[in-house]
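The values are calculated or read from the model by the stated rules, or taken from the named source; none is laboratory data. All figures in this text were calculated on a predicted structure; none of them were measured in a lab. Glycine also receives a Cβ, built like all others from the backbone with ideal geometry; neighbour counts cover every protein chain displayed.
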Amino acid sequence: MKKILTFIISLLIIVGLYVSLNGIYVAKSNRIDKYKVEINKNEQSQNKIIKDLVESFGKKLQYVPLLAPKDILIKSMKENYGNYVTEALIEKWINDPLNAPGRLTSSPWPDRIEIRSINKIDECTYEVNGEIIEITSVEKETGEIAAKRAITLKVKKINNCWLIDDVVLGEYAIIK
């Protein structure tokens, strides 16, 4: 009877430790799980993860007012970009908001990023070329585009998670 009781107590301790350690691991993760790297994923699956990351990031651009006071800009960038870009890139943009993607005026505003190409640079780096699509309330109804601007993003594997590590904004294109 004593051996059975000892075994049950030991089993409960092991299960308790497992649950506790697993909870600590989950609590430490502050990134969106769907952008985590899966070791055995093929390149096509990695491209989809990169595509989803960039498109999700593109939907957040309208929520970052680049001309806002610095305290609002900092809060907005961290809340909206924190799951998609590195902390170093957010700091760079906070210090130079006019070279960051986001909302410059009330209208038009950035609606999304349309991806033109995804190129694998190496095992830990992809380059994504696309366009930031801007709209007004009129284009929102008609499905047209008010403005578009080239964007190139470097996406890197950092701490087992894909994150945008650099962005180069291009010129605005003429819309006919």
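Values as computed for the structure displayed
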quantity: Residue within the stretch 85-92 that is touching a Lys or Arg at 6+ places or on another chain (Cβ under 7 Å) and modelled with pLDDT of 95 or more present; calculated: yes
quantity: One residue from I175, I74, I135 being more than 30 Å from S45 (Cα to Cα) and buried (at least 20 other Cβ atoms within 10 Å of the Cβ); calculated: I135
quantity: Test: residue in the stretch 133-150 that is modelled with pLDDT of 95 or more and over 25 Å from S106 (Cβ atoms); calculated: no
quantity: Meets criteria (among the hydrophobic types (A, V, I, L, M, F, W, C), part of a strand (DSSP E or B) and farther than 18 Å from K60 by Cα) for I151; calculated: no
quantity: Residue match in the stretch 78-87 (condition: among the aromatic types (F, W, Y), closer than 20 Å to N129 by Cα and either touching a Ser or Thr at 6+ places or on another chain (Cβ under 8 Å) or free of Cβ contacts under 8 Å to residues at least 12 places away in the same chain (or both)); calculated: yes
quantity: Subset of the stretch 53-71 [aromatic (F, W, Y) and crowded, with 17+ Cβ neighbours inside 10 Å]; calculated: F57
quantity: The stretch 92-111, residues that are charged (D, E, K, R) and either touching a Phe, Trp or Tyr at 6+ places or on another chain (Cβ under 7 Å) or surrounded by fewer than 12 Cβ atoms within 10 Å (Cβ to Cβ) (or both); calculated: D96, R103
quantity: Helices (runs of 4 or more DSSP H) fully within the stretch 43-144 counting 2 or more residues that are more than 16 Å from V168 (Cα to Cα) and out of contact with any strand residue (DSSP E or B) (no Cβ under 9 Å at 6 or more places or on another chain); calculated: 43-60, 70-81, 137-142
quantity: Residue list for the stretch 77-89, filter: buried (at least 18 other Cβ atoms within 10 Å of the Cβ) and more than 11 Å from the chain's Cα centre (by Cα); calculated: M77, L89
